Amino acid sequence: MDNTKGSLFMVLAMACFAIEDMFLKKATTFIPVGEALILFGLIGGVIFAAMGRLNGEALIHPQWRSKPMLWRAGFEISGRLFFTLAIALASLSTASAILQATPLFVSLGAIVIFSEVVGARRWVSMLVGFLGVLLILRPGPEGLQLTSLFALLGTIGFAGRDLATRASPATMTNAQLGVSGFTMLIIAGCIAAPYTGGFVVPDAVTLACVIAASLIGVIAYSALTSAMRMGEVSVVSPFRYTRLIFAMVIGMLVFGENPDAWTLAGSALIVASGVYTVLRSRMVKTA
C-alpha cells in the first residue's frame, strides 16, 4: 500500500470535487437544476462509457440490477439531487461544510446495518459531529436556513451510497461504476426538471461550465478510486476534509461568500470528529 500517493490522490479528488461544485453552481444560475443534472450526467456518462469501451469492457454489467446496486442507485439519485439543489440555492461553503458529515453518517449506518460494535468514545465523537451540523444549520425561528436542509439530505444520500458501494459487486470496473453513477444523475435531473423550471437553451458560457464540471468530475471520481485502492482507508480518508478548505476558498474568491463564526465552528467540530473517528478505528484495528 502506497499511503503517500493515496493521500495525494485523495487531495486531488477533493480539489476537483470542489471545482466541479463551483462550475455546477455557476451553471445553475442560468439553467434549471434539473437540466444541469441531465447534461452533467450525459456528458460524464459518455466519457466513462468511452473509457470502458477503450478497455474492452461491457457498458452494462450483469450485476447492475443486483440489490446492492439498486440501493446504491437510489441513494446516488437522492444524494446528487439534494446536494446540487443545495449548492445552487445555498452558499457553497455551507453546503460543503455539512457534506463533511458524510463519514459520520456512514459510521452510524455501519452500526445499524452491518452491526459494527463501537465504544463510548466513538459515540461521543459522532455526537460532537452532529453538534457541528446543528451549529451550521442553527435550527430555530431565526437561524434555520431551509436551503441548508438540502445539503443535509444530500449528505444522507451520499452516506447511503457509500454503504451500498461497500456491498456492491467487486467485479464491476471503475468505468462501469462511473457509467452507473452518472446515469443516476440523468434520472435525478428528470425528477427535478418539472419542479425546477423545465428546460432552457444554454448559452455558450453555461454549456462550457457544464462540460468543465463533467470533465473535472470524471477526474475527481477516478482520483478518489485510485486513492481508496492505493492507500490504507484509515490513512487516506482524513484527507477528504480538504474539500472543505477548497470549497471555502472558492466560495470566498469566486462567489464572495464570507462564512460566519457559527459555520466555521461547526465545520471545525465536524472535521475534528471525523478525523478522530477514522484514527480511533485504526487504533482499534492495530491494537
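See the values below:
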| quantity | calculated |
| --- | --- |
| Least to most buried among 67, 25, 5 (fewest other Cβ within 10 Å first) | 67, 5, 25 |
| Residue 211 paired with residue 190, simple spin-label distance in nm, labels 7 Å along Cα-to-beta-carbon | 2.6 nm |
| Computed label-point distance, nm, for sites residue 54 and residue 121 using a 7 Å Cα→Cβ extension | 4.6 nm |
| Calculated log₁₀ intensity ratio I(q)/I(0) where the Debye formula runs over C-alpha points of the chain, q = 0.07, 0.12, 0.16 Å⁻¹ | -0.25, -0.75, -1.39 |
| Dipole of region 3-286, positive direction: furthest Cα of 157, 24, 208, with charges on the beta-carbon | 157 |
| Length-normalised contact order for the chain - Cα pairs under 8 Å, 6+ apart - percent | 45 percent |
| Residue 171 versus residue 203: modelled label distance in nm, points set 7 Å from Cα along the beta carbon direction | 5.0 nm |
| Kyte-Doolittle mean at least 1.0 and Cα axial length at least 20 Å: DSSP H helices in the chain | 33-54, 120-137, 174-196, 204-230 |
| Residue 3/residue 130 FRET efficiency (R0 35 Å; Cβ-Cβ; nearest 0.05) | 0.75 |
| Along the chain, longest interval not containing exposed chymotrypsin sites (Phe, Trp or Tyr not before Pro), exposed being DSSP loop plus at most 16 other Cβ atoms within 10 Å | 115-198 |
| Stretch gain in nm, segment residue 67-residue 46, where the contour uses 0.36 nm per residue and the Cα spacing is subtracted | 5.1 nm |
| Helix-derived mean residue ellipticity, 222 nm - over the chain, DSSP H n ≥ 4, -39500 (n - 2.57), to 500 | -26500 deg cm²/dmol |
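Every number in this text was worked out from the coordinates using simple rules, so none of it is lab data. These figures come from a predicted structure and were not determined experimentally. All Cβ positions, even for glycine, are placed from backbone atoms using ideal geometry, and neighbour counts span all protein chains on display.
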